[in-house]
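Contents: one structure, followed by commentary.
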Amino acid sequence: MRVRGPRAKNVFGICYRSAASPFWTHDEDNDGASTTIMSHSHGSSASSSSLTTLVALAFGAGCMAGICATALVVLQQSSTKSIDRDNAGAVIEDNDLSLFYGDVKQLTEITQARKFLPDEMYGPMVRNAVVCCVDILLVRQQQQTLEGKQKQIKQALLVERSSEPAKGLWWLPGGRLLKGETFFAAAIRKAQQETGLTNVRPIQVLGVWNTFFPSSHWDTDDSPPEGTQTVNPIVLVEVVTTDPTTDPTTTTTSNNDVKLDATSENYRWIDLDPKKNASEDKYVLQALLRLRAWNPKYIDYS
């Protein structure tokens, strides 16, 4: 017999539905394939019919195997990507979650009065209201010799806080969000103010945390501690200073580039792998875990 066009398409239809339907919507427009692929054809010999049928079956089986193998790879990749659900939640790159209802330029204007709030205003606000602070996971690339080879490694900057809340903790750089600022704009500003690194690029919001502290920089001696509550978006920020002595497509920064302001006592660079930083503060670990969950290939996680 001859395997005509519609018959051949039916073979592929069987493969498509059985292998692909777990991942794609049912193709009703092309439905109707039959599991019967043999029919009588006048004037055809039995041997020719059997041979053609075997060829069609073999070809269909080959398609089935290829599609099933592809489906398994897709399923495996999907399972791998979603394996760390406990730490999922990072926002897609380049989205700082800003929504504007009006003229963007006017809404993002930051006046001098918004930059510096007087103590008599800001103190009561911290003691009695929630403050939004943007913190940054500031990442640099550094060339190091590992196992006899020059490699670019990524590290994050931690600072030792000099005042309450969280005085003495190794923490992420950051601070108050000014009225009119986007999360990305605040991240750039805090990187420059608190670390002296001016050539930086915000990448994504890793998540938002609600932190509670028993003390505050604005507590007074004549009243019990009011504590501090802050809502903290953490923004992944990369240092983009190009080192002309290396590959111009890479980025590096040295310890000499960091210049702390009065909010921090010391600084140090740490590995981005959460497994290597189990002793760090839980807030720092949350940022590292979010980054790994979003992009397991951001570094060579061991």
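Annotations
- Evaluation of K149 against the conditions (1) open to solvent by 50 Å² or more (accessible area, probe 1.4 Å); (2) out of contact with any helix residue (DSSP H, G or I) (no Cβ under 8 Å at 6 or more places or on another chain); (3) closer than 17 Å to V258 by Cα; (4) not aromatic (F, W, Y) shows that the sole unmet condition is (3).
- Single residue of A113, A191, A166 found to be over 24 Å from P296 (Cα atoms) and free of Cβ contacts under 8 Å to residues at least 12 places away in the same chain: A113
- Residue within segment 138-146 that is touching a Pro at 6+ places or on another chain (Cβ under 6 Å), among the β-branched types (V, I, T), surrounded by 15 or more Cβ atoms within 10 Å (Cβ to Cβ) and under 17 Å from E238 (Cα atoms) present: no
The values are calculated or read from the model by the stated rules, or taken from the named source; none is laboratory data. All figures in this text were calculated on a predicted structure; none of them were measured in a lab. Note that each Cβ is placed from the backbone with ideal geometry, even for glycine, and that neighbours are counted across all protein chains shown. Calculation scope for accessible area: heavy atoms of the full protein, side chains included, ligands and nucleic acids excluded. Shrake-Rupley method; radii C 1.70, N 1.55, O 1.52, S 1.80 Å.
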